[in-house]
Amino acid sequence: MTRNLYQRYLLVSCATTLFGMITFAVARLNPAIALVAVPATITSYLLFRNNTLSPIPRWIINALLILATLSTLRIVNASPDEAISILGEFLVWLTVIKLFESHTPRNQAPALVLSILLIVASVLSAVTLDVGILVIIYAPLATAWAVLFQLYRGAHDRHNARLAHTFSAHDTERPPFPDTLTKQQTRHARRTIAAGATAAALCATVIFILMPRNVTQGALGQLNARGTASTTGLTNDSIQLGQQTNIQESEETVLAARIQQLTIRDNRIEPVSLRAGSFLLRAISLDRYDPRTGSWTRSPEAASQALIRPDTTRGGIAPAETTAAYPLTRGSRLTADQLRFIRQAGILQLTINPLRPAARDELVSLWFPARVDFENIRQPNLQTNIADATIEFATDSSRARQSVYTITTLQNHPLGINNPVTQQLPTRLHNWYQRSKTATNPFADDPRFQPVRDLADRILQTLNLPIEPDETFHARAGLPQLDAPLPPQNAERIVNAFVSHLERNFTYSLQLRTEDPDLDPTIDFILNTRTGHCEYFASALAALCRAVNIDARVVLGYVATEYDPVENAFIVREKHAHAWVEAEVQPGVWKTFDPSPLEQTEPIHRPDPSVFAAALRWFDRLESLWVRSVISFDQEQQARLFGLSRDGTIDTPDWLTALTAPPDPDDNHLLTIARSTISVAIVFAALAITSAIAFIAARRIARFRRRQQRQRTSAIAARNTDAARRAYDDALKALANAGLEKPASLPPLTHAKRIAASNPNAARTFHDIATAYYNTRFADRDHDTTPARINELARTLREHLAPTPGHTTA
Amino acid sequence: MRTAPLNTDANPPRPRRRIYRIPRAGWTYILVVALLGIGSVNSQNNLLFFIFGLALGAILASGVISGSMMMGIRITRSAPQSARVNEPAHIRYTVYNLNTIIPLFAIRIEEATLIPDKANKHLKPNEPQPPFFGLFASKLPTPIPRPHAFLQHLAARSHTDISATLRPARRGPITLNTIRVSTTFPLGIVEKTIIFDVPHTITTEPPVQHINTRELRHTIEKASHHDTPANARGLGLEFYGLREYSPGDSPRFISWTASARTGRLVTRETESDANPAVTISLELPQTSPALDPDTLAQHDPLTPIDSPEEHAITHAASLAAAAVRDHRRVGLTCNAAGINIPPSSSASSLRAILHALATLDVNNATTHHQHRQPLTPTLAITPANIPEPAANA
């Protein structure tokens, strides 16, 4: 079976081109690119399949290219921050235009380069699993394109040479491209492509492992990262209210959270995994509201209250005041005081596995972060802010953001009145706390927020909740008497009343609108629209709390509800991004309140039980594997892979340890496999290589044996054929001598039948000789008819034809 | 193209040297890979690292595949001894693949002397280039293909025959010393070339343009009007003359028309049937203006030479061929080159004339021994008296 080389080349080139554009569309999350690319590629293939259509004139192609270039330059000039996106789309347009150019080798080489550049633009845009899969599929396709291009180019030149020698330039009827690929050629080309792609993949793996990490990062500047536009997600470190958009839910996975409760068993700390429930993962708190812009931000005063003390001896980092209070070394025997503290503190451990490179500097935690442990970073540059209970990187460290980390959190804030470490707070933290109590509060003082105060009064009057200032608040907080409004005594009940009112009388929606653009967005939400998403609810609750002098702040983070039993962790997606409120119900005690209507937000945050959701979770697991083994591969993993430690000694590599260590009965087997991703990859690679070598060896041995057998058979067949031919010739002569000459027109077997009447024995023997000759001569079979056997037949025939006494031949 | 198992009796020559060159596409690829490397190191994007590794791996795999592929190539050539200007001549190559496993793909076979190289740029086809670099041209001109053979595929341990078409554009010997076998397979990054020394010479005869019989005879008559005798009487078919009837003449030869006109019997005579002879005398100036050594015509057999001397040689060859076709004996003299071929109507004589014209070196035309003036009609051909149609035909 043969196929036209041109058609096969066209198919592969179109498929590769389409794959490049689809990859970019996936990377940019831009379906419009796919909507342009797919029909354009199919149309191009159908139009040029028979190689008879005249392509678009070159001057039109060049005019379109110039137009696309000018348009791109104009757009780049207008928005230089989106360089990758614009250049990628420019490459898409160039590719689409070149699809309709004549498919000469001169035009096809740039098309291949364009396609490769499009893949590079895709990778610069996103490094998600889907992009990775598309890139991995693209690689052999591009190899096939390049290989077929070499064949096509040579055949094209040869065809042109033939035309030049045979036809004049004025001949319009020219023969089409004639070269074909036979089955053998296709097989050999396929093997070559497979060998080349495999070798390139192996080389890529080696280079991927060996390339230096964190050496010259950002030396030439950074290109823009992808934005999430109007989809759900935690993208900013602030809240901007008053925008009219329609927010779409994003299923993109952000992180996997493993939550453990530290309990005491036999005077030892024992973690117990929590597998159900809804956990608020706090990332950043916002304590300042700007009435001019309608936005919540983090005040510089709060952000500057960071305390940091790296504790490298323990492999982690913890605030100075909490480190000494309790050791969290697993398995160590604890004192009675430590046990009492741990029971009081209600310690939860949150292990975060980022499923994509985060664009943020904040780490998420459950409650007040007391200790942070990274899996593969020895000395992270962190800032733990004891003021608003957040933890963040002091400097840009994308590598650290991709690392798995565990945060040990305390349910009680260190500033709380029941916390023993409160007494050890540094002076500057006390000063900040004091300043925060005397700071201006627009919700209580600004006349623009009178509607908020009115609503708070109305709610409290409805519930008969009086506002009685807590005269001992400052004293309990260790503060001097301040000239500042005091919070109410029953702050927690009041806040709960606000939460109930918001839950009952307001509607949750992702479609945002404004009734009065001149009004403050929070007031517009409270008075007019009464519809919004979690940020509006949180903003309204914080405003109501502050209107009655209860200190409150808006917290941004995620809701972890989707537990994955295989990963033994909660899968957190962009759609799980959430905003809620923390209010100071006691001096230094901040309690969490979520004003968003649970019955309306729960369907959004609830895991999808459908079949597709299950498939999506499997994809998430793959993505997790992808992120950990490919995207997050860094210097530390390099060192661990080769068993190198920082002090120059050579340790046993982790993957070797993982392979040789006995299984931990207490640990989840699947999680163990997931943790040792590299070891799994190496096992698979070793299996694949061994299988490939065994397969190739077996095939070569089989082929060798077949060749040997064929040669042996051919030799035997040749020998038997010679003997049979001689015997047949002798038999014909003997028959002629005996007066039974075979007419030239008569087939031997028919002649044998004819002479059977006169000499049946001779006829039978001649029949056997002729059959043996036929079989060895023409049918290449009957290899058992050895020369000895044929000679025996010939001798028998001579005996049968020998004249008997008294009988003479005619 | 048919392939056959490897004939172990064949002993094709081994390659003389190997050449590695990076073509333009290869430089483009290397530039892209370098940018990839810089970009990946700068961005620390692991997926970009992987793509960079793939790109480098592709270079490595390409080198290994093409290198091992080219290790097993052997080649022999079978070319004609002579060719003619503007007529295709086929050069046949037998390619052997001695590799045990690896097949050959996309092998280009060329004659090294027919390839323009950097040192000989003027060998490029002299084509008119479209304005503005062809940016607004409706169709770009297709380059004139140089003679080459392309082998799409050859399985391991087998051989095959392929051919290249050579169409010489000027007369003279074409020396084919080396065969150049190259490939950019599999990815077009590096062009690997191996050189085989297989000397051979093809003598290119001048083009033979058609001259019809009437024109030929007119030319001969014009040349023989003064200094050459007429043909003798004989028993041929062509009319010679009329004479008075004499007893013994065959009645078949009586011209009754003339007899009726004159009132007495008149006999028609015919020319002798023997081949008439003609000698072509090519008169080149003793100090022929030498061609500019920098012009392409000196070296490239695929570029035509447009000079009066060449036109004269072409006309002489055309006359010789036309004369033989007219059953005449034809000879050639050229005192400047020392050529003297006696008249003969045989095909071998015509070949000798064409060969002499093919190898005639107009740049080295000197005064040789003056040959005796032939007795046959002589067509003196000089660069100045070439008929216009013949020169442009």
Item to check | Which of B:Val362, A:Val554 has the fewest Cβ neighbours within 10 Å, and the rest in rising order | outcome: B:Val362, A:Val554
Checklist entry - More than 15 Å apart: what percent of Cα pairs in the range A:514-614 qualify? => result 68 percent
Checklist entry - Once phi is turned into ³J(HN,Hα) by the Karplus curve 6.51 cos²θ - 1.76 cosθ + 1.60 with θ = phi - 60°, what whole-Hz value does each residue of the range A:526-539 show in order, with x for glycine and proline? => result 6, 8, 10, 6, 6, 9, x, 9, 4, 5, 5, 4, 5, 5
Item to check | Karplus (6.51, -1.76, 1.60) ³J(HN,Hα), θ = phi - 60°, over the range A:261-275, in Hz, Gly and Pro reported as x | outcome: 9, 7, 10, 10, 9, 6, 6, 10, 7, 10, x, 10, 6, 9, 10
Item to check | the range A:270-307-the range B:297-331 distance, computed between alpha-carbon centres (Å) | outcome: 98 Å
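Using a 10 Å cut-off around each Cβ, can you sort B:Ile280, B:Ile30 from fewest to most neighbouring Cβ atoms?
B:Ile30, B:Ile280
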Checklist entry - Check A:Val364: other-chain or 5+ apart residues with amide H under 5 Å from its amide H, H built from backbone geometry? => result none
Checklist entry - Any idea what Rg and Dmax come out to for the range A:526-583 if you just take the C-alpha atoms, in Å? => result 15.0, 47
Checklist outcome for this item: Residues whose built amide H sits under 5 Å from the amide H of A:His578, excluding neighbours closer than 5 in sequence, are A:Gly557, A:Tyr558, A:Val559
Item to check | Karplus-derived 3J(HN,Hα), 6.51/-1.76/1.60, for each residue of the range A:570-578, Hz, glycine and proline x | outcome: 8, 8, 10, 10, 4, 5, 8, 4, 8
Checklist outcome for this item: Once amide hydrogens are built 1.01 Å from N within the peptide plane, the residues lying 5 or more places from B:Leu302 or on another chain with amide H under 5 Å from its amide H are B:Ala169
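Values quoted throughout were computed directly from the atomic coordinates according to the rules given, and no laboratory measurement underlies them. The model shown is predicted, which means the values in this text are computed figures rather than measured ones. Cβ coordinates were reconstructed from backbone atoms using ideal geometry, including for glycine residues, and neighbour counts include every protein chain displayed.
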